[in-house]
1. Among the residues of the range 55-64, are any part of a loop (DSSP other than H, G, I, E, B) and within 25 Å of residue 106 (Cβ to Cβ)?
2. Within the range 54-69, is even one residue surrounded by fewer than 16 Cβ atoms within 10 Å (Cβ to Cβ), modelled with pLDDT under 95 and on the phi > 0 side of the Ramachandran plot?
3. Quick check on the range 6-47: of everything there that is in contact with a strand residue (DSSP E or B) (Cβ under 8 Å, 6 or more places away or on another chain) and assigned to a loop (DSSP other than H, G, I, E, B), which residue is farthest from residue 60 (Cα to Cα)?
4. With the requirement that a residue be surrounded by fewer than 17 Cβ atoms within 10 Å (Cβ to Cβ) and within 19 Å of residue 131 (Cα to Cα), what does the range 29-40 give you?
5. Could you please give the count of residues in the range 101-124 that are part of a helix (DSSP H, G or I) and open to solvent by less than 60 Å² (accessible area, probe 1.4 Å)?
6. Need pairs with beta-carbon distance below 7 Å; first residue farther than 14 Å from residue 87 by Cβ and free of Cβ contacts under 8 Å to residues at least 24 places away in the same chain and within the range 18-31, second open to solvent by 50 Å² or more (accessible area, probe 1.4 Å) and not in a loop (DSSP other than H, G, I, E, B); sequence gap 6+ or separate chains.
7. If residue 102 satisfies every condition in (1) of a type outside the set (S, T, N, Q); (2) under 22 Å from residue 17 (Cα atoms); (3) modelled with pLDDT of 90 or more but one, which is the exception?
8. Here are some residues: 82, 113. Which one is of a type in the set (S, T, N, Q), within 15 Å of the chain's Cα centre (by Cα) and modelled with pLDDT of 90 or more?
Amino acid sequence: MYGVVLYFDSQTERIIKTLWKELRDIGISNYAYEIENRKPHLTLADYSDLKESEYSELFDGYYKSAPKMRLSYNTLGTFMNSGALFLSPNPTEELINFHSNYHNHLKKYDAFSNQMHHPESWIPHCTIANHLDDQKL
């Protein structure tokens, strides 16, 4: 499995990691610590299979010209019946276009990608906690 993610600047990463630590310390969620060195991120796509060298060339071509984006977060949400808690960025035109253009640029890999990350169904989010029961949520 392959994931394509956007990482945050160091200040935003520090804020989210502090939140993860607080949730762990009060016994709500160990999400951040389930995988070693997990970093806060937004997932653009994930793939079950890729030809790595071919993909890397297309990927590099797209990202070399990609600008940094300023995102703001005003939404704390959950996916129904998922037990997940997330921060969702305001869906700016810049973010939506960046994501859509990424998928258009790498369209040949759609058959191997998770449909939930395609432009017509993508919900940009940064997971804060998961596997929460109703009380913890």
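The values are calculated or read from the model by the stated rules, or taken from the named source; none is laboratory data. Since the model is a prediction, treat every value here as computed from it, not as a measurement. Using ideal geometry, Cβ is built from the backbone for each residue, glycine included, and neighbour counts are taken over all protein chains shown. Surface accessibility is based on the protein's heavy atoms, side chains included, excluding ligands, DNA and RNA. Shrake-Rupley method; radii C 1.70, N 1.55, O 1.52, S 1.80 Å.
1. Let us first name the residues in the range 55-64 that are part of a loop (DSSP other than H, G, I, E, B), namely 64.
This time we only want the ones that are within 25 Å of residue 106 (Cβ to Cβ), so: 64.
Within the range 55-64 (the criterion being part of a loop (DSSP other than H, G, I, E, B) and within 25 Å of residue 106 (Cβ to Cβ)), the answer is yes, since at least one residue qualifies.
2. Looking through the range 54-69, none of the residues is surrounded by fewer than 16 Cβ atoms within 10 Å (Cβ to Cβ), modelled with pLDDT under 95 and on the phi > 0 side of the Ramachandran plot.
3. 28
4. Going through the range 29-40, the residues surrounded by fewer than 17 Cβ atoms within 10 Å (Cβ to Cβ) turn out to be 30, 33-39.
30, 33, 34, 35, 36, 38, 39 - these are the residues of the range 29-40 that are surrounded by fewer than 17 Cβ atoms within 10 Å (Cβ to Cβ) and within 19 Å of residue 131 (Cα to Cα).
5. 5
6. As it stands, the answer is 24/33; 30/24, since those pairs meet every condition given.
7. (2)
8. Numbers: 82 fails: within 15 Å of the chain's Cα centre (by Cα).
Within the list 82, 113, the selection yields 113.
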